[in-house]
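Enquirer: Structure provided below as structure tokens; questions to follow.
The values are calculated or read from the model by the stated rules, or taken from the named source; none is laboratory data. Keep in mind that what you see is a predicted model, and the values were worked out from it rather than measured. Using ideal geometry, Cβ is built from the backbone for each residue, glycine included, and neighbour counts are taken over all protein chains shown. Calculation scope for accessible area: heavy atoms of the full protein, side chains included, ligands and nucleic acids excluded. Shrake-Rupley method; radii C 1.70, N 1.55, O 1.52, S 1.80 Å.
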Amino acid sequence: MGLSMRIGSVTLKNPVIVTSGEHGRDGRTIAEVAATGVGAVTTKTIIPFPVPDPLPCYALVPNGFLNCVLAAVLPAEQWFREEIPRAKKAGVPLIANLAGTSPDETADLARKAVAAGADIIELPTHCPHLAENLEAQFPGMKVPPPELDNPVPFGATVKAVRAAVPVPIVGKLSAVFSHNNRDWVKAGVEAGMDAVEVTDTFGPVMAIDIATGQPKLGGPRGFGALSGGALKPIALRMVYEIAETFSLPIIASGGIMGWEDAVEYLMAGASGVGVCTVGHLHGMRRYPKLIADLEAYFREKKVSLEEIRGLAHRKVRERAEKGWAAITKPQLPAIAAQMCTACRKCERSCIYGAITVDEVIRIDPSLCYGCGLCVETCSEGALALPYYR
């Protein structure tokens with residue numbers, strides 16, 4: 001099944017995009033990542049004057065990943081002179097993620113990146129831990145607080161970059177815009193944005209080492225940004241809302257650890273999927289596995305990417321058409337007794353005390369609330385919800 005996608009005039013052979021992170025730290029690394037078969041690779045954020053990251057810069061939390069990385073540590077001119085040309089030799093579309101201190105400065109960076117060979121420009125919107133880390137490194141500097149409800153400056157940046165370069169422009173929304181993501185997309189689209197990546201990290205966040213009391217990340221207070229699986233439910237809903245309103249390509253990122261996560265995002269309306277945390281934690285060898293697993297899924301289901309894309313929207317419309325928008329009467333899970341291994345996971349998870357397991361599952365209709373948690377905890381396929389069938 002064909003998995004190609006388009007961002008403006010650029011065609012990607014598959015929808016798996018390595019987003020801005022350490023696997024885009026320089027031209028040599030980008031070329032190595034490109035050899036894994038991904039559809040495109042993104043640079044770390046290119047800025048006019050790079051600054052060092054506070055260390056340590058990574059920490060793990062349950063189902064999540066924290067970082068306090070600031071941007072690319074290589075000078076912008078080195079990117080344009082050496083790293084982008086080297087990366088381009090790998091033969092896959094290159095996305096240059098870049099940020100200046102003003103629309104004009106960003107446009108100048110974009111112009112130079114395209115001249116060096118970048119196929120697509122990506123514009124980030126918010127770094128949750130940037131301000132206090134810059135102020136700590138440069139005493140006397142005062143970074144103004146972010147205007148999270150004001151997308152006008154973002155629109156101005158997109159407009160300046162659009163006037164400067166002919167290549168597609170992707171806006172990368174932070175998860176902090178969860179409440180008003182469509183306002184930011186609207187501002188970008190009106191200014192000439194071709195696609196949107198949803199989502200960048202959420203924050204500021206922190207983690208503390210209970211053995212020492214020290215914050216796990218570096219910097220003045222150990223504040224950073226959250227990515228990984230904990231971000232996925234927020235990002236998934238943002239993708240759904242944007243796809244509900246706009247027709248532009250959406251690159252979904254946030255917690256894609258396997259093909260199942262990618263399919264969920266595609267069903268929410270995404271055209272492509274961005275991976276970053278999984279590469280940090282498991283190495284670039286996970287990228288070809290993700291692509292192969294996606295290909296296997298589409299072969300097995302005998303459907304195309306376009307048939308899957310936006311499926312959740314069609315299912316939601318079906319709820320409205322069939323009067324399922326507000327089901328309040330409990331329906332008992334269907335039991336496949338032959339699948340039950342009597343592991344008792346469902347029994348332990350039932351807060352209503354409706355489930356008992358001897359050799360098989362038994363559900364008391366007078367106690368069952370119809371909540372569905374037992375079905376989620378069953379790994380054997382012995383329970384199924386009857387809702388929306």
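Enquirer: Look through Pro85, Pro146 and report the one residue that is at pLDDT below 95 and open to solvent by 10 Å² or more (accessible area, probe 1.4 Å).
Expert: Pro146
Enquirer: Something else about it: Against the definition (over 20 Å from Thr42 (Cβ atoms) and either of a type in the set (Gly, Ala, Ser) or part of a loop (DSSP other than H, G, I, E, B) (or both)), how does Ala113 come out, yes or no? Show your work before the answer.
Expert: Working: over 20 Å from Thr42 (Cβ atoms): no; either of a type in the set (Gly, Ala, Ser) or part of a loop (DSSP other than H, G, I, E, B) (or both): yes.
Taking the combined requirement at face value, the residue does not satisfy it.
Enquirer: Got at least one residue in segment 97-113 being of a type in the set (D, E, K, R), closer than 12 Å to Val167 by Cα, open to solvent by less than 30 Å² (accessible area, probe 1.4 Å) and touching a residue at least 40 places away in the same chain (Cβ under 8 Å)?
Expert: For segment 97-113, residues of a type in the set (D, E, K, R), closer than 12 Å to Val167 by Cα, open to solvent by less than 30 Å² (accessible area, probe 1.4 Å) and touching a residue at least 40 places away in the same chain (Cβ under 8 Å): absent.
Enquirer: Collect the residues in segment 194-238 that are charged (D, E, K, R) and part of a loop (DSSP other than H, G, I, E, B), keeping them in residue-number order. Step through it out loud before you land on a result.
Expert: Applying the first criterion (charged (D, E, K, R)) to segment 194-238 yields 194, 197, 200, 209, 216, 221, 232, 237.
Of everything in segment 194-238, those that are charged (D, E, K, R) and part of a loop (DSSP other than H, G, I, E, B) turn out to be Asp194, Asp209, Lys216, Arg221.
Enquirer: To continue, here is another question. For segment 27-57, which residues satisfy the criterion of being touching a residue at least 60 places away in the same chain (Cβ under 8 Å), open to solvent by less than 40 Å² (accessible area, probe 1.4 Å) and not β-branched (Val, Ile, Thr)?
Expert: Correct list: Gly27, Gly37, Gly39, Ala40, Pro48, Asp53, Pro54, Cys57.
Enquirer: Just give me the residues in segment 256-283 being crowded, with 20+ Cβ neighbours inside 10 Å and assigned to a loop (DSSP other than H, G, I, E, B), in sequence order.
Expert: Within segment 256-283, Ile256, Gly269, Ala270, Ser271, Cys276 qualify.
Enquirer: Which of the residues that make up segment 1-11 are buried (at least 24 other Cβ atoms within 10 Å of the Cβ) and in contact with a Leu (Cβ under 9 Å, 6 or more places away or on another chain)?
Expert: Residues of segment 1-11 that are buried (at least 24 other Cβ atoms within 10 Å of the Cβ), as a first pass: 5, 7.
Passing the criteria: only Met5.
Enquirer: A follow-up question, please. Residues of segment 165-190 being buried (at least 19 other Cβ atoms within 10 Å of the Cβ), among the small types (Gly, Ala, Ser) and not in a strand (DSSP E or B), which ones?
Expert: Within segment 165-190, Ala175, Ala187, Gly188 meet the criteria.
Enquirer: For segment 239-255: of the residues being hydroxyl-bearing (Ser, Thr, Tyr) and not in a helix (DSSP H, G or I), which is surrounded by the most Cβ atoms within 10 Å (Cβ to Cβ)?
Expert: So the residue we want is Ser253.
Enquirer: Look through Thr201, Thr212 and report the one residue that is in contact with a Leu (Cβ under 7 Å, 6 or more places away or on another chain) and open to solvent by 10 Å² or more (accessible area, probe 1.4 Å). Walk me through how you get there before you give the answer.
Expert: Numbers: Thr212 fails: in contact with a Leu (Cβ under 7 Å, 6 or more places away or on another chain).
Unique residue meeting the criteria: Thr201.
Enquirer: Looking at (1) within 18 Å of Tyr265 (Cα to Cα); (2) in contact with an Asp or Glu (Cβ under 9 Å, 6 or more places away or on another chain), which one does Asp183 not meet, given that it meets all the others?
Expert: Just one mismatch for Asp183, condition (1).
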